[in-house]
Amino acid sequence: DLVRDLLVTHHRNFHKGRGLERAKMLLGTGLLTSEGEFHLRQRRLAQPAFHRQRVAAYGATMAAYAAARRDRWRSGATVDVHQEMMALTLAIAGKTLFDADVEHEAAEIGAALATTFQSFHFGFFLPFGELLERLPLPATLRFKKARARLDATIYRMIDERRRSGADRGDLLSMLLLAQDTEGDGGGMTDLQLRDEAMTIFLAGHETTANMLTWAWYLLSQHPDVEA
(Lines give C-alpha, C1' and ligand atoms only; values in the text may rest on other atoms or scores of the structure.)
Protein backbone atom coordinates (compact mmCIF):
# COMPACT_ATOMS: atom_id res chain seq x y z
CA ASP A 1 0.00 0.00 0.00
CA LEU A 2 2.84 2.39 0.83
CA VAL A 3 4.62 1.63 -2.44
CA ARG A 4 1.41 2.38 -4.35
CA ASP A 5 0.96 5.58 -2.37
CA LEU A 6 4.50 6.67 -3.26
CA LEU A 7 4.59 5.65 -6.93
CA VAL A 8 0.96 6.08 -8.03
CA THR A 9 -1.47 7.90 -5.75
CA HIS A 10 0.75 10.76 -4.59
CA HIS A 11 3.73 10.43 -6.92
CA ARG A 12 3.70 14.16 -7.69
CA ASN A 13 4.56 14.91 -4.07
CA PHE A 14 7.93 13.15 -4.29
CA HIS A 15 11.12 13.92 -6.13
CA LYS A 16 14.22 11.88 -6.83
CA GLY A 17 17.10 12.12 -4.37
CA ARG A 18 20.54 13.62 -4.56
CA GLY A 19 22.11 10.47 -5.97
CA LEU A 20 20.00 10.55 -9.14
CA GLU A 21 20.33 14.32 -9.37
CA ARG A 22 24.11 13.90 -9.48
CA ALA A 23 23.77 11.02 -11.95
CA LYS A 24 22.64 13.59 -14.53
CA MET A 25 26.36 14.30 -15.00
CA LEU A 26 26.52 11.03 -16.90
CA LEU A 27 22.94 10.20 -17.88
CA GLY A 28 21.56 13.66 -18.61
CA THR A 29 17.78 13.92 -18.26
CA GLY A 30 16.83 10.40 -19.33
CA LEU A 31 13.98 8.38 -17.89
CA LEU A 32 15.94 7.48 -14.76
CA THR A 33 16.70 11.08 -13.73
CA SER A 34 13.92 13.23 -15.23
CA GLU A 35 10.82 14.41 -13.38
CA GLY A 36 7.24 15.54 -13.92
CA GLU A 37 5.73 16.28 -17.30
CA PHE A 38 9.02 15.85 -19.16
CA HIS A 39 9.42 12.36 -17.70
CA LEU A 40 5.85 11.52 -18.72
CA ARG A 41 6.49 12.72 -22.29
CA GLN A 42 9.70 10.74 -22.64
CA ARG A 43 8.12 7.62 -21.17
CA ARG A 44 5.27 7.85 -23.70
CA LEU A 45 7.78 8.06 -26.54
CA ALA A 46 9.88 5.11 -25.34
CA GLN A 47 7.09 2.80 -24.17
CA PRO A 48 6.32 1.02 -27.50
CA ALA A 49 9.85 -0.43 -27.59
CA PHE A 50 9.03 -2.40 -24.45
CA HIS A 51 5.75 -3.90 -25.64
CA ARG A 52 5.40 -7.53 -24.54
CA GLN A 53 5.76 -8.91 -28.07
CA ARG A 54 8.92 -6.89 -28.70
CA VAL A 55 10.50 -7.99 -25.43
CA ALA A 56 9.70 -11.61 -26.32
CA ALA A 57 11.44 -11.14 -29.68
CA TYR A 58 14.55 -9.86 -27.89
CA GLY A 59 14.73 -13.26 -26.17
CA ALA A 60 15.91 -15.03 -29.32
CA THR A 61 18.81 -12.59 -29.67
CA MET A 62 19.71 -12.99 -25.99
CA ALA A 63 19.80 -16.78 -26.32
CA ALA A 64 21.91 -16.64 -29.51
CA TYR A 65 24.47 -14.28 -27.99
CA ALA A 66 24.64 -16.36 -24.79
CA ALA A 67 25.26 -19.53 -26.83
CA ALA A 68 27.99 -17.82 -28.86
CA ARG A 69 29.70 -16.65 -25.68
CA ARG A 70 29.48 -20.16 -24.20
CA ASP A 71 31.04 -21.70 -27.32
CA ARG A 72 34.20 -19.62 -26.78
CA TRP A 73 34.85 -21.25 -23.43
CA ARG A 74 36.96 -24.41 -23.16
CA SER A 75 36.60 -27.15 -20.57
CA GLY A 76 39.09 -26.72 -17.73
CA ALA A 77 39.91 -23.11 -18.57
CA THR A 78 39.56 -20.26 -16.07
CA VAL A 79 37.56 -17.20 -17.09
CA ASP A 80 36.76 -13.89 -15.39
CA VAL A 81 33.01 -14.33 -15.17
CA HIS A 82 32.31 -10.66 -14.48
CA GLN A 83 34.22 -9.53 -17.56
CA GLU A 84 32.45 -12.20 -19.60
CA MET A 85 29.02 -11.10 -18.37
CA MET A 86 29.84 -7.43 -18.96
CA ALA A 87 30.82 -8.21 -22.56
CA LEU A 88 27.75 -10.39 -23.05
CA THR A 89 25.19 -7.89 -21.75
CA LEU A 90 26.87 -5.05 -23.64
CA ALA A 91 26.60 -6.99 -26.90
CA ILE A 92 22.96 -7.90 -26.21
CA ALA A 93 21.99 -4.33 -25.28
CA GLY A 94 23.70 -2.98 -28.38
CA LYS A 95 21.96 -5.46 -30.67
CA THR A 96 18.46 -5.52 -29.21
CA LEU A 97 18.12 -1.81 -28.45
CA PHE A 98 20.21 -0.24 -31.23
CA ASP A 99 20.80 -3.02 -33.78
CA ALA A 100 24.51 -2.22 -33.47
CA ASP A 101 27.62 -4.34 -33.08
CA VAL A 102 29.40 -2.93 -30.02
CA GLU A 103 30.99 -6.16 -28.83
CA HIS A 104 34.41 -5.13 -30.17
CA GLU A 105 34.18 -2.01 -27.98
CA ALA A 106 33.38 -3.95 -24.82
CA ALA A 107 36.78 -3.48 -23.18
CA GLU A 108 36.89 0.28 -23.79
CA ILE A 109 33.28 0.82 -22.74
CA GLY A 110 33.78 -1.30 -19.64
CA ALA A 111 36.86 0.70 -18.67
CA ALA A 112 35.01 3.98 -19.23
CA LEU A 113 32.13 2.80 -17.06
CA ALA A 114 34.47 1.76 -14.27
CA THR A 115 36.10 5.20 -14.38
CA THR A 116 32.79 7.04 -14.16
CA PHE A 117 31.68 4.99 -11.16
CA GLN A 118 35.02 5.52 -9.41
CA SER A 119 34.66 9.26 -9.98
CA PHE A 120 31.24 9.26 -8.33
CA HIS A 121 32.70 7.45 -5.34
CA PHE A 122 35.58 9.92 -5.25
CA GLY A 123 33.36 12.71 -3.99
CA PHE A 124 30.82 13.91 -6.53
CA PHE A 125 28.08 12.94 -4.04
CA LEU A 126 29.61 15.01 -1.24
CA PRO A 127 27.86 18.26 -0.18
CA PHE A 128 30.40 20.27 -2.24
CA GLY A 129 30.51 17.83 -5.17
CA GLU A 130 29.31 20.53 -7.56
CA LEU A 131 32.46 22.52 -6.80
CA LEU A 132 34.76 19.51 -7.13
CA GLU A 133 33.55 18.77 -10.64
CA ARG A 134 34.53 22.28 -11.77
CA LEU A 135 38.10 21.85 -10.66
CA PRO A 136 40.74 20.29 -12.95
CA LEU A 137 41.31 17.46 -10.49
CA PRO A 138 42.61 14.12 -11.84
CA ALA A 139 39.34 12.34 -10.94
CA THR A 140 37.29 15.05 -12.68
CA LEU A 141 39.42 14.89 -15.81
CA ARG A 142 39.21 11.09 -15.87
CA PHE A 143 35.43 11.27 -15.53
CA LYS A 144 35.06 13.73 -18.41
CA LYS A 145 37.30 11.63 -20.65
CA ALA A 146 35.32 8.47 -19.82
CA ARG A 147 31.99 10.20 -20.42
CA ALA A 148 33.26 11.41 -23.80
CA ARG A 149 34.18 7.82 -24.69
CA LEU A 150 30.66 6.62 -23.89
CA ASP A 151 29.14 9.57 -25.75
CA ALA A 152 31.19 8.69 -28.83
CA THR A 153 29.49 5.29 -29.08
CA ILE A 154 25.98 6.63 -28.45
CA TYR A 155 26.24 9.60 -30.82
CA ARG A 156 27.79 7.39 -33.51
CA MET A 157 24.76 5.08 -33.40
CA ILE A 158 22.36 8.04 -33.51
CA ASP A 159 24.22 9.65 -36.42
CA GLU A 160 24.39 6.42 -38.44
CA ARG A 161 20.67 5.86 -37.99
CA ARG A 162 19.69 9.41 -38.87
CA ARG A 163 21.76 9.23 -42.06
CA SER A 164 20.38 5.87 -43.11
CA GLY A 165 16.77 6.75 -42.25
CA ALA A 166 16.10 3.03 -41.78
CA ASP A 167 13.41 1.83 -39.41
CA ARG A 168 14.85 -1.34 -37.91
CA GLY A 169 12.08 -1.73 -35.37
CA ASP A 170 14.45 -1.37 -32.41
CA LEU A 171 14.45 1.15 -29.57
CA LEU A 172 16.60 3.66 -31.43
CA SER A 173 14.33 3.67 -34.49
CA MET A 174 11.28 4.09 -32.26
CA LEU A 175 12.85 7.00 -30.40
CA LEU A 176 13.90 8.68 -33.67
CA LEU A 177 10.48 8.28 -35.26
CA ALA A 178 8.35 8.89 -32.17
CA GLN A 179 6.05 11.91 -32.09
CA ASP A 180 4.36 13.06 -28.89
CA THR A 181 0.76 12.91 -30.13
CA GLU A 182 -0.65 13.65 -26.67
CA GLY A 183 1.66 16.59 -26.00
CA ASP A 184 3.55 19.03 -28.20
CA GLY A 185 3.58 16.73 -31.23
CA GLY A 186 7.36 16.97 -31.54
CA GLY A 187 10.07 14.38 -31.50
CA MET A 188 13.38 14.16 -29.64
CA THR A 189 16.48 16.24 -30.19
CA ASP A 190 19.87 14.52 -30.51
CA LEU A 191 20.61 15.47 -26.89
CA GLN A 192 17.35 13.90 -25.68
CA LEU A 193 18.07 10.81 -27.76
CA ARG A 194 21.55 10.64 -26.26
CA ASP A 195 20.21 10.87 -22.69
CA GLU A 196 17.57 8.16 -23.20
CA ALA A 197 19.92 5.91 -25.13
CA MET A 198 22.70 6.30 -22.54
CA THR A 199 20.28 5.57 -19.68
CA ILE A 200 18.77 2.45 -21.22
CA PHE A 201 22.09 1.27 -22.65
CA LEU A 202 23.75 1.35 -19.22
CA ALA A 203 20.67 0.07 -17.39
CA GLY A 204 20.58 -2.97 -19.67
CA HIS A 205 24.30 -3.56 -19.39
CA GLU A 206 26.13 -3.01 -16.12
CA THR A 207 23.39 -3.84 -13.60
CA THR A 208 22.38 -6.96 -15.53
CA ALA A 209 25.99 -8.12 -15.71
CA ASN A 210 26.33 -7.70 -11.94
CA MET A 211 23.21 -9.81 -11.37
CA LEU A 212 24.47 -12.55 -13.69
CA THR A 213 27.88 -12.55 -12.01
CA TRP A 214 26.26 -13.15 -8.63
CA ALA A 215 24.14 -15.90 -10.20
CA TRP A 216 27.37 -17.68 -11.23
CA TYR A 217 28.74 -17.25 -7.71
CA LEU A 218 25.59 -18.70 -6.15
CA LEU A 219 25.76 -21.67 -8.51
CA SER A 220 29.34 -22.28 -7.40
CA GLN A 221 28.13 -22.43 -3.80
CA HIS A 222 25.34 -24.91 -4.57
CA PRO A 223 26.76 -27.78 -6.68
CA ASP A 224 23.45 -29.67 -6.57
CA VAL A 225 21.70 -26.78 -8.30
CA GLU A 226 24.60 -26.36 -10.72
CA ALA A 227 24.37 -30.06 -11.66
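The values are calculated or read from the model by the stated rules, or taken from the named source; none is laboratory data. Remember, predicted model here, so these are calculated numbers, not experimental data. Every residue, glycine among them, receives a Cβ derived from its backbone with ideal geometry; neighbour counts consider all protein chains shown. What goes into the accessible areas is simple: the full protein's heavy atoms, side chains included, and nothing from ligands, DNA or RNA. Shrake-Rupley method; radii C 1.70, N 1.55, O 1.52, S 1.80 Å.
Key figures
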{"item": "Theoretical ellipticity at 222 nm over the chain - DSSP helices of four or more residues, -39500 (n - 2.57) apiece, nearest 500", "result": "-20500 deg cm²/dmol"}
{"item": "Span-like helix ranges in the chain, DSSP H, alpha carbon extent 24 angstrom or more, Kyte mean at least -1.0", "result": "52-71, 81-98, 138-164"}
{"item": "Nearest-10 value in Å² for the accessible area of Val81, using the 1.4 Å probe", "result": "40"}
{"item": "R0 of 30 Å, Cβ-Cβ distance Ala63-Leu20: FRET efficiency to nearest 0.05", "result": "0.35"}
{"item": "Share of carbon and sulfur in the accessible heavy-atom surface of the chain [1.4 Å probe, %]", "result": "60"}
{"item": "The range 48-77: chymotrypsin sites (Phe, Trp or Tyr not before Pro) falling in loop per DSSP and having at most 13 other Cβ within 10 Å", "result": "Trp73"}
{"item": "Met174, Met198, ranked by accessible area, largest first (probe 1.4 Å)", "result": "Met174, Met198"}
{"item": "Solvent-accessible area per residue, Å², over the chain with all protein chains present [probe radius 1.4 Å]", "result": "60"}
{"item": "Among Arg70, Arg22, Arg147, residue whose mean-square fluctuation peaks in a GNM of the chain (springs only between Cα atoms under 10 Å)", "result": "Arg70"}
{"item": "Highest-MSF residue in the chain out of Gln118, Gln53, Gln83 [GNM, Cα springs under 10 Å]", "result": "Gln53"}
{"item": "log₁₀ of I(q)/I(0) at q = 0.10, 0.15 Å⁻¹ - the chain, Debye sum with one point per alpha carbon", "result": "-0.55, -1.17"}
{"item": "Candidates Gly36, Gly169, Gly76, ranked by Gaussian network fluctuation over the chain, Cα under 10 Å, top entry", "result": "Gly76"}
{"item": "Net lengthening on full extension, Leu135/His104 (0.36 nm per residue, minus Cα-Cα)", "result": "7.8 nm"}
{"item": "Kirkwood Rh, angstrom, the range 59-111 [1 / mean 1/r, Cα pairs]", "result": "11.6"}
{"item": "Length added when fully stretched, Asn210-Val225, from 0.36 nm per residue minus Cα-Cα", "result": "3.4 nm"}
{"item": "Heavy-atom accessible area ranking, 1.4 Å probe, most first, across Thr115, Thr189", "result": "Thr189, Thr115"}
{"item": "Proximal lysines to Lys16, defined as alpha-carbon separation beneath 17 angstrom and excluding residues fewer than eight positions away on the same chain", "result": "Lys24"}
